[in-house]
Amino acid sequence: MLNADVLSPEALSHLGTQRVGRHVLLFDLLDSTNNEIRRRSIDTVENGLAVIADGQTGGRGRRGRNFLSPAGKGLYLSVLLQPCCAPHELSMLTAWAAVALCDALERVCGVRPGIKWPNDLVLNGQKLCGVLTELELEAETGLPRYVILGVGVNVHQTETDFGPEVADIAISLRQALGAAPGRTELAAEILRALDAMDQAFPQARTHYLERYRQACLTLGKPVTVLRAAGTRHGTAVGIDETFALLVRWENGETEAVSAGEVSVRGLYGYT
Ligand code: BTN
């Protein structure tokens with residue numbers, strides 16, 4: 001491929017981070033970078049380990065969706081974290097990660113994406129980046145053993161690189177900015193930002209919460225909340241201290257939504 005954006009192991013071997021990305025493994029092809037971390041963690045848990053693949057054959061998104069991951073096009077990266085916090089605080093990590101990713105993208109590209117609650121990064125009203133957070137619990141105690149944070153950034157994709165089900169809602173850095181940064185530089189900055197987040201979690205909550213609220217594009221928008229119990233309509237009116245979405249229902253009551261799918265009308269062409 002002409003002008004291929006090759007991931008460079010040398011450039012990712014001395015990031016100067018405290019924990020995240022001190023050890024980076026690069027692969028040409030994996031089923032999923034999240035799966036690779038899980039396989040390696042069966043015996044030994046290596047806090048901060050990062051796995052990056054040029055392409056994935058079984059990339060996974062939230063709620064069992066596929067995450068199409070053509071080689072050379074996107075950045076597919078996972079890190080293993082063992083945050084020191086109470087189990088109930090872990091649910092905030094995915095929102096913190098969205099803030100960290102905004103920091104990294106702004107540093108590399110000069111534009112700060114918005115966040116569609118809870119953790120999609122959005123540019124020009126379309127999805128630029130998704131986060132899949134998976135948790136491994138200890139069977140005996142029920143306590144978290146580790147967290148795998150998987151990040152997929154659309155970098156060089158053109159319309160035909162996205163599957164038909166996301167082509168209308170997805171955007172790459174190349175499409176949004178006319179040119180894309182190298183994936184190595186982007187990966188390095190993301191690992192640095194996730195390391196800063198890891199150091200700050202959970203004590204710097206106010207700082208991350210403020211920035212999450214500033215970036216959250218869902219606020220003020222009509223939302224549809226899809227749950228097993230049924231679908232409800234309302235308006236997103238705030239983000240509470242636990243990063244849950246505050247929704248005012250049509251009957252005037254307000255509820256904090258932290259689980260269930262929230263579809264936001266007006267973003268990504270949802271109606
Ligand atoms: C989503 O938008 O639903 C989340 C997408 C997360 C995709 C990333 S790519 C790297 C890591 N490996 C996976 O299989 N998924 C995540």
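Of a type in the set (Asp, Glu), in a helix (DSSP H, G or I) and surrounded by 13 or more Cβ atoms within 10 Å (Cβ to Cβ), is that true of Glu134?
Values: of a type in the set (Asp, Glu): yes; in a helix (DSSP H, G or I): no; surrounded by 13 or more Cβ atoms within 10 Å (Cβ to Cβ): yes.
No; evaluated as a whole, the condition is false for this residue.
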**Request:** Mind listing whichever residues of the stretch 71-84 are surrounded by fewer than 17 Cβ atoms within 10 Å (Cβ to Cβ) and either in contact with a Gly (Cβ under 6 Å, 6 or more places away or on another chain) or modelled with pLDDT under 90 (or both)?
**Result:** Ala71, Cys84
**Asked** What number goes with the only condition from (1) surrounded by fewer than 22 Cβ atoms within 10 Å (Cβ to Cβ); (2) more than 10 Å from the ligand (Cβ to nearest atom); (3) over 16 Å from the mean Cα position of the chain (by Cα) that Gly114 does not pass?
**Response** (3)
**Message:** When you scan the stretch 182-204, do you find a residue that is more than 18 Å from Asn66 (Cβ to Cβ) and within 12 Å of the ligand (Cβ to nearest atom), even just one?
**Reply:** yes
**Request:** Mind checking which strands (runs of 3 or more DSSP E) fall wholly inside the stretch 175-271 and carry at least 2 residues that are β-branched (Val, Ile, Thr) and over 29 Å from Gly21 (Cα atoms)?
**Result:** 222-227, 230-239, 254-257, 261-264
**For Phe162: the one exception among (1) over 25 Å from Thr242 (Cβ atoms); (2) of a type in the set (Phe, Trp, Tyr); (3) more than 13 Å from the ligand (Cβ to nearest atom)** = (3)
**Prompt:** When Gly150 is evaluated against the numbered criteria (1) over 17 Å from the mean Cα position of the chain (by Cα); (2) part of a strand (DSSP E or B), which criterion, by number, is the only one it fails?
**Reply:** (1)
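The values are calculated or read from the model by the stated rules, or taken from the named source; none is laboratory data. These figures come from a predicted structure and were not determined experimentally. Heads up, the Cβs are rebuilt from the backbone with ideal geometry, glycines too, and the neighbour counts pull from every protein chain shown.
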